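Reviewing the structure listed below.
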Amino acid sequence: MNTKLTEEKMSTNAIAPKVPDREALEPLLKIEDAARLLGRTHWTLRQDVKAGKLKCVRIGRRIMIEPAEIRRLIEEGRQ
């Protein structure tokens with residue numbers, strides 16, 4: 001009976017999509033927090049999002065920014 005249960009577990013795991021660990025995900029930043037990090041106003045960042053200069057994640061009406069996008073913007077400014 002144990003082998004049957006183990007086989008069922010293995011077959012289920014084989015088809016389940018790989019989901020990143022919660023620890024591997026960086027928390028999204030509110031646009032106000034991202035603006036504070038960059039020393040800009042949230043209105044300026046909203047304009048950058050609208051112009052396509054800054055990528056965002058929209059959750060409902062909320063605009064969230066990925067930390068990797070902030071790093072990209074900083075690197076662009078260094079060049």
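The values are calculated or read from the model by the stated rules, or taken from the named source; none is laboratory data. Every value quoted in this text rests on a predicted model; they were computed, and no experiment measured them. Virtual Cβ from ideal backbone geometry, glycine too; neighbours counted across all protein chains shown.
Among the residues of region 29-50, those that are over 19 Å from the mean Cα position of the chain (by Cα) and over 18 Å from Arg61 (Cα atoms) comprise Gly39, Arg40, Thr41.
Restricting Leu73, Leu25 to those that are modelled with pLDDT under 95, in contact with a helix residue (DSSP H, G or I) (Cβ under 8 Å, 6 or more places away or on another chain) and surrounded by 10 or more Cβ atoms within 10 Å (Cβ to Cβ) reduces the list to Leu73.
Residue pairs whose Cβ atoms lie under 8 Å apart, separated by 6 or more positions or on different chains, with the first residue in region 61-75 and over 16 Å from Arg40 (Cα atoms) and the second not in a loop (DSSP other than H, G, I, E, B), are Arg62/Lys30; Glu66/Leu29; Glu66/Val57.
Scanning region 57-68 for residues that are within 13 Å of Asp33 (Cα to Cα) and outside any strand (DSSP E or B) yields Glu66, Pro67. Quick check, is Lys53 modelled with pLDDT of 70 or more, among the basic types (Lys, Arg), under 25 Å from the mean Cα position of the chain (by Cα) and loosely packed, with under 13 Cβ neighbours inside 10 Å? When the stated conditions are applied, Lys53 passes them.
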